[in-house]
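Worksheet for the structure shown next.
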Amino acid sequence: MKFVRSSILYALWACSLYIQAQNTILTDENKALLQDLEQQLAFLGREVLKANSDNIKLSSSQQFIKLMAQALRIEGSFEYPFDSLTTVSKLVPEDKKFRLFTWYYSLSNGRHRYFGCVQFLDEKGREKIVPLFDRTQKQVDLEFKKLSNENWIGALYYQLFTVEHKRKKYYIVIGWNGLNDNKSSIRVIDVVRIEGDKVVFGEPIFYTVSKSKIAQSRVIHQYNKMASMTCKYDPNKKAIIYDHLVPMQRADGTRSTAKEDYVPDGSYDALIFKNGRFVKIKDYNQKASKTQSRYDKKPKIKKNKKGKSKRHLEIPINKK
């Protein structure tokens, strides 16, 4: 029953979008409509993510998709921020060429389902929306493929940034996917671009093997589901910095080669963008660069009222 209803959600999602609006100006009337829809979406979004019942999650997800499609159909919605949708990731590049929405739900059996859409303006300034369909489990060799919205690697994206080389701009996204094997999760580093009316993922600009001339279209880090992995772009370093993963040691002293047994070891690797490509640096030392990162700050020593020193580490708050 759950799989049937999931199929219905995909069919609904497919029919709901692939639309365009002729006017990109947000009128007061349309703004009021969007505010009303946003309140309903905010409630449904919390049900999709946190409800105790799988049936409620699936039912709420179906309603959420219908209302989300309805909201994005409203002319001028490209300018509406949807600030109250806290369960949905909303990412916009610096040039504001498009908006990327992603969200997910998880069921009691550990399975996850990811949804998303890209909203952008075409060459004539018309609003267009393209839905994303999660096909992660049905594909192989994902690191080397160019993917469309129809066979998207489902992910909850949490970072989007831009790099350029010879006037070519790359929109890089980083996201998380809790795989349906109940053993592992992934962090995916990908490239998204708009080609006419289509949304395409992947670009052969990632070199993760030393001295290799083979480029990957994206980078996927798979690791143990119980572990926590860091993977984030640091604009000060101009690098994607992430935990170095190693296989866990068995009781007999051997190490597993299965990806679900990989965990962070406390060190970091990085992907540095140079000459139009991201090149991997193993055992990356953040303090090796002359440009100081917010992660590199040393503890400041402060004194209490009795004159005794105490260590205080000031970590600046992320500003979104």
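The values are calculated or read from the model by the stated rules, or taken from the named source; none is laboratory data. These numbers were taken from a predicted model, which means no experiment stands behind them. Every residue, glycine among them, receives a Cβ derived from its backbone with ideal geometry; neighbour counts consider all protein chains shown.
Scanning region 134-150 for residues that are buried (at least 16 other Cβ atoms within 10 Å of the Cβ) and within 16 Å of D197 (Cα to Cα) returns L147, S148, N149. Applying the criterion of being under 17 Å from R113 (Cβ atoms) and β-branched (V, I, T) to the residues of region 20-79, the residue that is surrounded by the fewest Cβ atoms within 10 Å (Cβ to Cβ) is I56. Within the bounds of region 295-303, is there any residue that is at pLDDT below 95, among the charged types (D, E, K, R), under 21 Å from Y157 (Cα atoms) and surrounded by 12 or more Cβ atoms within 10 Å (Cβ to Cβ)? No, there is no match, as no residue in region 295-303 is at pLDDT below 95, among the charged types (D, E, K, R), under 21 Å from Y157 (Cα atoms) and surrounded by 12 or more Cβ atoms within 10 Å (Cβ to Cβ).
Return yes when T102 is polar (S, T, N, Q) and farther than 24 Å from G196 by Cβ and no when it is not. Explain how you work it out, then say what you get.
Values: polar (S, T, N, Q): yes; farther than 24 Å from G196 by Cβ: no.
Spelling it out, it is not the case that T102 is polar (S, T, N, Q) and farther than 24 Å from G196 by Cβ.
Would you pick out the residues in region 127-138 that are part of a strand (DSSP E or B) and either under 23 Å from K183 (Cβ atoms) or not charged (D, E, K, R) (or both)? If the condition is that a residue be part of a strand (DSSP E or B) and either under 23 Å from K183 (Cβ atoms) or not charged (D, E, K, R) (or both), then I129, V130, P131, L132, F133, D134 are the ones that fit.
You will find that of I205, I186, the residue that is touching a strand residue (DSSP E or B) at 6+ places or on another chain (Cβ under 6 Å), touching a residue at least 40 places away in the same chain (Cβ under 8 Å) and of a type outside the set (S, T, Y) is I205 and no other. Just so you know, in region 197-211 the residues that are within 12 Å of F278 (Cα to Cα) and of a type in the set (A, V, I, L, M, F, W, C) include one that is surrounded by the most Cβ atoms within 10 Å (Cβ to Cβ), and it is F206.
For beta carbons closer than 7 Å, sequence separation of 6+ or different chains, a first residue in region 122-150 that is at negative phi and among the small types (G, A, S) and a second that is assigned to a strand (DSSP E or B) and surrounded by fewer than 19 Cβ atoms within 10 Å (Cβ to Cβ), the qualifying pairs are S148/K198; S148/V200.
Residue-by-condition table, conditions (1) outside any strand (DSSP E or B); (2) assigned by TED's automatic domain parsing to the domain that holds N55:
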{"position": "T87", "(1), (2)": "yes, yes"}
{"position": "D95", "(1), (2)": "yes, yes"}
{"position": "W103", "(1), (2)": "no, yes"}
{"position": "N109", "(1), (2)": "yes, yes"}
{"position": "R113", "(1), (2)": "no, yes"}
{"position": "C117", "(1), (2)": "no, yes"}
{"position": "F120", "(1), (2)": "no, yes"}
{"position": "G125", "(1), (2)": "yes, yes"}
{"position": "V140", "(1), (2)": "yes, no"}
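A search for C-beta distances below 9 Å between a residue of region 255-275 that is under 12 Å from K183 (Cα atoms) and any residue that is modelled with pLDDT under 90 and of a type in the set (D, E), counting only pairs 6+ apart in sequence or on different chains, returns E260/D181.
So which residues in region 224-234 are among the hydroxyl-bearing types (S, T, Y) and either crowded, with 16+ Cβ neighbours inside 10 Å or assigned to a strand (DSSP E or B) (or both), if there are any at all? It would help to see each step written out before you state the result.
Taking region 224-234 first, the residues among the hydroxyl-bearing types (S, T, Y) are 228, 230, 233.
Answer for region 224-234, where residues must be among the hydroxyl-bearing types (S, T, Y) and either crowded, with 16+ Cβ neighbours inside 10 Å or assigned to a strand (DSSP E or B) (or both): just Y233.
Restricting attention to region 58-82, the residues being in contact (Cβ under 8 Å) with a residue 12 or more places away in the chain and touching a strand residue (DSSP E or B) at 6+ places or on another chain (Cβ under 9 Å) number 15.
Of the strands (runs of 3 or more DSSP E) that lie entirely inside region 160-223, those containing 1 or more residues that are more than 26 Å from H112 (Cα to Cα) and among the β-branched types (V, I, T) span 184-195. Here K308, K319, K237 are screened, and the one residue that is surrounded by 13 or more Cβ atoms within 10 Å (Cβ to Cβ) and either in contact with a Ser or Thr (Cβ under 8 Å, 6 or more places away or on another chain) or modelled with pLDDT under 50 (or both) is K237.
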